[in-house]
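Q: There's a structure below that I have some questions on.
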Amino acid sequence: MRALRIVAGVLVLSLAGCGVVPAPSEPGRSAGPTATATDTVTRSLRDVERYWKAEFPALTGGKRFRPITGGFHPYTERKPAPDCAGEATVYQPNAFYCPDGDFIAWDAQKLIPQLQQDYGPLLVGVVMAHEYGHAIQVRLGRTRQPTVVLEQQADCYAGAWLADVRAGHSTAFRKPTSGQLDNTVAGLLMLRDQPGTSARAQGAHGNAFDRIRAFQEGIQQGAKKCAGYDANNLQVTEVPFSDAREAESGGDLPYDKAITLLAQDAQAYWTRTFPDLADRQWQPVRVETFDGRAPSCADPDTTAGGAALYCRSGDFIAFDGQNLGPQLYDRIGDFAVGMLLGDLFARAAQDRRGASTSGRSGQLAVDCLAGSWTNDLLTRDQNGNDLRLSPGDLDEAVAALLAFGRGRDNGGVSAFDRISAYRKGVLEGLGICV
Ligand SMILES: [Zn+2]
């Protein structure tokens, strides 16, 4: 039996002027365990045990919960974790559960202090709740599943614990603010598989899109939903690169080509589907870019911190082609630009059908409509010369939503809720949005 563990990816997310995630500190800076991170871990694990003590009997028809017997072990390069299944553990910036010794071990030197510093203590709690979720799988006798299922189930269990925290039951955390939730989701994005990993690969954990879905499902539907996950009912969007050339480019089109093809595709999508929404034809919407200063418009409907807009009276969409577009492309990837265009076209569609794009419900409707276009990209016949999604694209959309969602122009809607609305459109298509 091998150790189940989370693997830290390397995605540096920051978008100037949008108040996004701070870049992770340089590796190696924070040597030595910090008392605060260790304290957060201990408090979190105690609280996760409190949660399972109450939840486990409900999940199993009354069986008593047996807490972890092998303890919680911080490790560093100098002081390694205990052996797992008779094998010495090699230092890695990780956290893991060892089924053989029934213990949880975590990197007290780099990973956990860094996660706490960059994303806040709540993410540390979620990581520990995830690891504890693997101990729950052992207790439920549910470990004979593909790794990707086990990992997403553990994410879902972490979400179920967080729902309990949000309900005010935790002894370790106060009810999280939406900013703290957004930080936690941003942290999960860091802990995703590298794009292009096949969901069937040994050790695959899932892309961020799928992992965040599992996490939010746990929050919204509880541990019972998580316990029902198996290989037959779990929707997995993670795909490998189709060939070596795609892998080499990271699946990204050149910037100018990406803008042109994505805008054309969105136009074609809405031409096809808009008559179902509004009982009339879609007139092509003009797409403009500007350099720093937005074009004049009497009634702009702005997004992405004001760097992009749909102009209702002028009936055009525009974005900052000097800063915003290239930054999204360079720092996140081509589908972050796709997310921006998806958002702008969705604003146009929502407005043209006479519905609101403002306030919480308007914003979430826009995100769902943007997701419906992604659904079309994801589900269309892949044989033609059409655009199609590459591995990592859905994660880029999530990263872009985190970047936009933390602006102050969205009626106070959290990125957490925006991602949830977007995913609804992605997984179920246009029908679910209206
Ligand atoms: Zn795991």
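The values are calculated or read from the model by the stated rules, or taken from the named source; none is laboratory data. Computed from a prediction, not measured in an experiment: that's the story for all the values here. Quick reminder, even Gly has a Cβ in these numbers, built from the backbone with ideal geometry, and neighbours come from all protein chains shown. We work out accessible area using only protein heavy atoms, side chains counted, and drop any ligands, DNA or RNA first. Shrake-Rupley method; radii C 1.70, N 1.55, O 1.52, S 1.80 Å.
Q: By DSSP, what percent of the beta bridges with both residues in the stretch 249-433 are antiparallel, rounded to the nearest 5?
A: Working: 8 of 13 bridges.
For the stretch 249-433, the DSSP antiparallel bridge percentage is about 60.
Q: Another question about this same structure. Show me 211-220, 149-158 ranked by packing, highest mean number of other Cβ atoms within 10 Å first.
A: So the peptides 211-220, 149-158, ranked by packing, come out 149-158, 211-220.
Q: Please list Ser178, Ser420 from largest to smallest accessible area, probe radius 1.4 Å, with all protein chains kept in place. Mind dumping the intermediate values first?
A: Working: Ser178 60, Ser420 25 Å².
Putting Ser178, Ser420 in descending order of accessible area: Ser178, Ser420.
Q: Follow-up. Find how many whole Å separate the alpha carbon centroid of the stretch 40-81 from the alpha carbon centroid of the stretch 333-372.
A: Their Cα centres are 42 Å away from one another.
Q: A follow-up question, please. Under the rule a/c < 1.5 gives rounded, and otherwise a/b versus b/c splits prolate from oblate, where does the stretch 260-416 land using the Cα gyration tensor? Don't skip to the answer; put the middle values down first.
A: Numbers: a/c = 1.35, a/b = 1.08, b/c = 1.25.
Rounded shape, in that the Cα axes give a/c under 1.5.
Q: Right, another one. Using packing as a proxy for protection, rank 289-299, 119-129, 87-97, 70-80 so that the peptide with the highest average count of other Cβ atoms within 10 Å comes first.
A: Working: 289-299: 11.8, 119-129: 24.9, 87-97: 17.6, 70-80: 15.3.
For the peptides 289-299, 119-129, 87-97, 70-80, the packing ranking is 119-129, 87-97, 70-80, 289-299.
Q: Another one. Search the structure for amide H atoms under 5 Å from the amide H of Phe316, placed 1.01 Å from N in the peptide plane, and list their residues when 5 or more places away or on another chain.
A: Cys311
Q: Is the stretch 37-227 best put as rounded, prolate or oblate by its Cα gyration tensor, with a ≥ b ≥ c the root eigenvalues, rounded for a/c under 1.5, and otherwise prolate when a/b is larger than b/c, oblate when not? Walk me through the intermediate numbers first.
A: On the way: a/c = 1.16, a/b = 1.09, b/c = 1.06.
Rounded shape, in that the Cα axes give a/c under 1.5.
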